[in-house]
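For reference, the structure is listed below as structure tokens.
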Amino acid sequence: MSFGPACPLCGGTGPKVFVREARGHRLWDCRDCGTGFCDPFQNPGPAYYERNADLYSSTARAETDPMSFEYDEALALLRRARAPGARLLDVGCGDGGFLHRAKAEGWAPSGLDFNPARAKALRERGFEIFDGALPELAARAPAAFDALTIFQVLEHLDAPNDWLRAASSLLKPGGLLVVGVPNRDRTFDPFQGPGLDVIDDPPHHLTRWSAPALSGLLARAGFRTLECRPLGYPLPLLRLMLRNTLRLGLATRALGVEQVRHASTAAAKGRPSSRQRLIRSLVSAKEAVLDAATGAVYPLFQAACRARGWQGAVLFAAAKKPG
């Protein structure tokens, strides 16, 4: 136990629980609000994300990530709330998969994103895309939206309170906010394996959320929480987790890359050798066997999750602006 820095989420100055050090940051848990945060508490800026093209593509697509249930859950909730011509803002809209799906559901969707190339690609598909930070947009367009979604963004922010106040300002009275964040209480961790351990650490993720901590944040921003719960493990995510768990790193070392999929990029500068082709073929065969086995046991895994109360990797929350 240590006093540590003041909590950047609730402002609490009481004793903090020191968790560990990670890449030049100290990780703390706030006993007042239950949130985990890092010190220093600072987003690394757009250049950091541009360097991580594997995670943040600059292209547009019409599908959402099959490794998460949160988009399906959000659409089911929004389907019940939609009025004709209702406007939706997807914050951190990424490649636009959710924008396409919301449009197909009858919403008039707009997006906000920091990546100029991605924004340009989505504008070319007919979407209204805003640049900059959410507080800047809130100053220009108060009470403009019926719903606002913010998936896998909150944990990156160094001013989450400001962004949630901006979300409230942008929503009409009675508007709906939908949030998805990594669940720190997850039973099985998808962020394990070569090259993956940095994903849930700073400077990539600055905060760690449990359901009570996320509900408290929404309440302090003036929202009425409708639900806040962990989601399960989709089959594609379970397959990825099993692959990573059973990886020995032999193929990546042999190919001289961090991830096997990088080998095709490296080889694009010249013809892949017969050795590289053999290694990739063996990896593909192993993954095919693992994927088939995972699919066979997936119903049993789902039943075990329900019976044992195993928590999924994502927290899903929905809240309303009063009025």
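The number of residues in the range 136-159 that are under 20 Å from the mean Cα position of the chain (by Cα) and either among the charged types (D, E, K, R) or closer than 22 Å to PRO46 by Cα (or both) comes to 11.
Residue count for the range 31-61 under the criterion of being among the acidic types (Asp, Glu) and within 19 Å of CYS93 (Cβ to Cβ): the result is 2.
Please enumerate the residues belonging to the range 22-73 that are touching a helix residue (DSSP H, G or I) at 6+ places or on another chain (Cβ under 7 Å) and at positive phi. Across the range 22-73, the qualifying residue is only GLY34.
Can you pull out every residue in the range 37-66 that is of a type outside the set (Phe, Trp, Tyr) and within 16 Å of the chain's Cα centre (by Cα)? Those that are of a type outside the set (Phe, Trp, Tyr) and within 16 Å of the chain's Cα centre (by Cα): ASN43, ASN52, ALA53, ASP54, LEU55, SER57, GLU63, THR64, ASP65, PRO66. Taken over the range 49-70, the criterion of being aromatic (Phe, Trp, Tyr) and not in a loop (DSSP other than H, G, I, E, B) is satisfied by TYR49 alone. If the requirement is being among the polar types (S, T, N, Q) and loosely packed, with under 13 Cβ neighbours inside 10 Å, which of these qualifies: THR64, THR59, THR35? Just one listed residue meets the conditions, THR59. For the range 25-39, a residue qualifies if it is in contact (Cβ under 8 Å) with a residue 60 or more places away in the chain and assigned to a loop (DSSP other than H, G, I, E, B), and the qualifying residues are CYS33, GLY34, THR35. Hey, does the range 98-112 have a residue that's in the same structural domain as ALA159 (by TED's automatic domain parsing), within 18 Å of the chain's Cα centre (by Cα), surrounded by fewer than 20 Cβ atoms within 10 Å (Cβ to Cβ) and in a loop (DSSP other than H, G, I, E, B)? The answer is no, given that none of the residues of the range 98-112 is in the same structural domain as ALA159 (by TED's automatic domain parsing), within 18 Å of the chain's Cα centre (by Cα), surrounded by fewer than 20 Cβ atoms within 10 Å (Cβ to Cβ) and in a loop (DSSP other than H, G, I, E, B). Identify, from the list PRO182, PRO173, PRO142, PRO135, the residue that is out of contact with any Cys (no Cβ under 9 Å at 6 or more places or on another chain), part of a strand (DSSP E or B) and surrounded by fewer than 20 Cβ atoms within 10 Å (Cβ to Cβ). Going through PRO182, PRO173, PRO142, PRO135 in turn, just one is out of contact with any Cys (no Cβ under 9 Å at 6 or more places or on another chain), part of a strand (DSSP E or B) and surrounded by fewer than 20 Cβ atoms within 10 Å (Cβ to Cβ): PRO173.
Residues are listed down the side, and each one gets a yes or a no for (1) among the acidic types (Asp, Glu); (2) touching a strand residue (DSSP E or B) at 6+ places or on another chain (Cβ under 9 Å); (3) farther than 30 Å from PRO116 by Cβ:
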| position | (1), (2), (3) |
| --- | --- |
| CYS10 | no, yes, yes |
| GLY14 | no, yes, yes |
| GLY24 | no, no, no |
| CYS30 | no, yes, yes |
| CYS38 | no, yes, no |
| LEU55 | no, no, no |
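Taking the range 239-323 and the helices (runs of 4 or more DSSP H) fully enclosed by it, the elements with 2 or more residues that are at pLDDT below 95 and of a type in the set (Asp, Glu) are at 274-308.
Number of residues in the range 200-238 that are surrounded by fewer than 15 Cβ atoms within 10 Å (Cβ to Cβ) and part of a loop (DSSP other than H, G, I, E, B) equals 1.
Could you check, for the range 76-92, whether at least one of its residues is acidic (Asp, Glu) and either surrounded by fewer than 18 Cβ atoms within 10 Å (Cβ to Cβ) or not assigned by TED's automatic domain parsing to the domain that holds ASP200 (or both)? No, there is no match, as no residue in the range 76-92 is acidic (Asp, Glu) and either surrounded by fewer than 18 Cβ atoms within 10 Å (Cβ to Cβ) or not assigned by TED's automatic domain parsing to the domain that holds ASP200 (or both). Sub-6 Å Cβ pairs linking a first residue in the range 177-188 that is within 11 Å of ALA213 (Cα to Cα) to a second residue that is part of a loop (DSSP other than H, G, I, E, B) and of a type in the set (D, E, K, R), at least 6 apart or interchain, number zero.
Given the criteria outside the structural domain of ALA221 (by TED's automatic domain parsing), free of Cβ contacts under 8 Å to residues at least 60 places away in the same chain, surrounded by 13 or more Cβ atoms within 10 Å (Cβ to Cβ) and in contact with a Ser or Thr (Cβ under 7 Å, 6 or more places away or on another chain), does PRO15 qualify? Yes, satisfied. Looking at this structure, is ASN183 modelled with pLDDT under 95, among the polar types (S, T, N, Q) and closer than 29 Å to PRO299 by Cα? Spelling it out, it is not the case that ASN183 is modelled with pLDDT under 95, among the polar types (S, T, N, Q) and closer than 29 Å to PRO299 by Cα.
The values are calculated or read from the model by the stated rules, or taken from the named source; none is laboratory data. As the structure is a prediction and not an experimental result, all values here were calculated from the model. Positions of Cβ are backbone-derived with ideal geometry, glycine not excepted, and every protein chain shown enters the neighbour counts.
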